[in-house]
Amino acid sequence: MTANVLFAGRTDAWPAYQPLLNAEFARLGLDAELRNDFAPEEVDYIVFAPSGPISDFTRFDRLKAVLSLWAGVEKVVPAVPASVPLTRMVDSGLEQGMTEWVVGHTLRYHLGMDAHILGQNGQWEPKAPPLAKDRHVTVLGLGALGTASARALSALGFQVSGWSRSQKEIEGVTCHAGPKGMKDALAQAEIVILLLPDTPATENTLNAETLGWLPKGAKIINPGRGPLIDDDALLAALGSGRIGHATLDVFRVEPLPPEHPFWAHPNVTVTPHIASETRESTAAEVIAGNIRRAEAGEPLLHLVDRSLGY
């Protein structure tokens, strides 16, 4: 029996995904029809993004699964009925893109590149940076993206610590968990990278108290979620010198309003939510692979845990 797959991502993404998904269906020998205009009662699977046209899933009576094109599913979980399996996007392109961005900005801080890029003032100051082995870096969040980033930084020789809700074991990374683990993870973090999900439990992970656990002058990199940081507490910590600099890719309101103080702050770098994104070619492989699994009665990969929200 043919599986009807409804594409419900952004309209402008359809021309890219249509041939890629159809090619993956054919490669896997999957009997599936892909369209972006099925009637709700005809749909077996929805390839979904919150930026797409669907917000009401109650009309889809025979829905077998919703397959998100986004790694973050906090906006999707409340909308999808609990009886319908929901998967999040975990793909190699997304991981590689995030790892490259994280490593790039970590090296920027580690090497002190801003002083030379922005400080062409005619003064010769030959001060070399320390080696990576003498620099402590902490990654908060050890899911797929956090783990990939932590491993890459460890491979470069950094002293890498990580924190997650539950205990993890990652070669080359000192892993912490739980409330006490958070304090231990931050205590030596000269550079801290946030890659946690956005849940009620993670909101304001960096706040007035936890920012105080960091070494004076620590640098912050946030490509995860805007609500992970208390903006007012961060601005206060930057003003006092407790935090040396912050590179922020995600915000509570996006686009970041022109009047927001982050834009003009001398110790904040704003990037417009470009740390990484879903790549169509690798995402198509993940989506098609999961539909094949569902049709074969196999467990779906990257299934969202509704109790945790991710």
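Before moving on, here are some points about what is shown:
- Within the option set 289, 297, 309, being assigned to a helix (DSSP H, G or I), farther than 30 Å from residue 114 by Cα and out of contact with any helix residue (DSSP H, G or I) (no Cβ under 7 Å at 6 or more places or on another chain) holds for one residue only, 289.
- One residue stands out in the stretch 144-159 among those that are more than 10 Å from residue 95 (Cβ to Cβ) and polar (S, T, N, Q): the one that is nearest to the chain's Cα centre (by Cα), namely 154.
- Residue pairs whose Cβ atoms lie under 7 Å apart, sitting 6 or more positions apart in sequence or on different chains, and linking a residue in the stretch 14-39 that is touching a residue at least 12 places away in the same chain (Cβ under 8 Å) to a partner that is of a type in the set (Asp, Glu), are 16/280; 17/280; 20/280; 24/285; 30/295.
- Residue 296 fulfils the conditions (1) within 25 Å of residue 96 (Cα to Cα); (2) more than 22 Å from the chain's Cα centre (by Cα) except for a single criterion, (1).
- Within the stretch 235-252, tally of residues that are farther than 14 Å from residue 270 by Cα and touching a residue at least 24 places away in the same chain (Cβ under 8 Å): 7
- Count of residues meeting criterion [assigned to a loop (DSSP other than H, G, I, E, B) and in contact with a Ser or Thr (Cβ under 6 Å, 6 or more places away or on another chain)] in the stretch 161-217: 3
- Residue, farthest from residue 84 (Cα to Cα), within the stretch 270-294, restricted to residues that are surrounded by fewer than 18 Cβ atoms within 10 Å (Cβ to Cβ) and in contact with a strand residue (DSSP E or B) (Cβ under 8 Å, 6 or more places away or on another chain): 270
- Positions within the stretch 118-159 being in contact with a helix residue (DSSP H, G or I) (Cβ under 8 Å, 6 or more places away or on another chain) and in contact (Cβ under 8 Å) with a residue 60 or more places away in the chain, in sequence order: 140, 144, 145
- Check on residue 220, in contact with a strand residue (DSSP E or B) (Cβ under 7 Å, 6 or more places away or on another chain), modelled with pLDDT of 95 or more and part of a helix (DSSP H, G or I): no
The values are calculated or read from the model by the stated rules, or taken from the named source; none is laboratory data. Please read all numbers here as calculations on a predicted model, not as lab measurements. Reconstructed Cβ throughout: ideal geometry from the backbone, glycine too, with neighbour counts over all protein chains shown.
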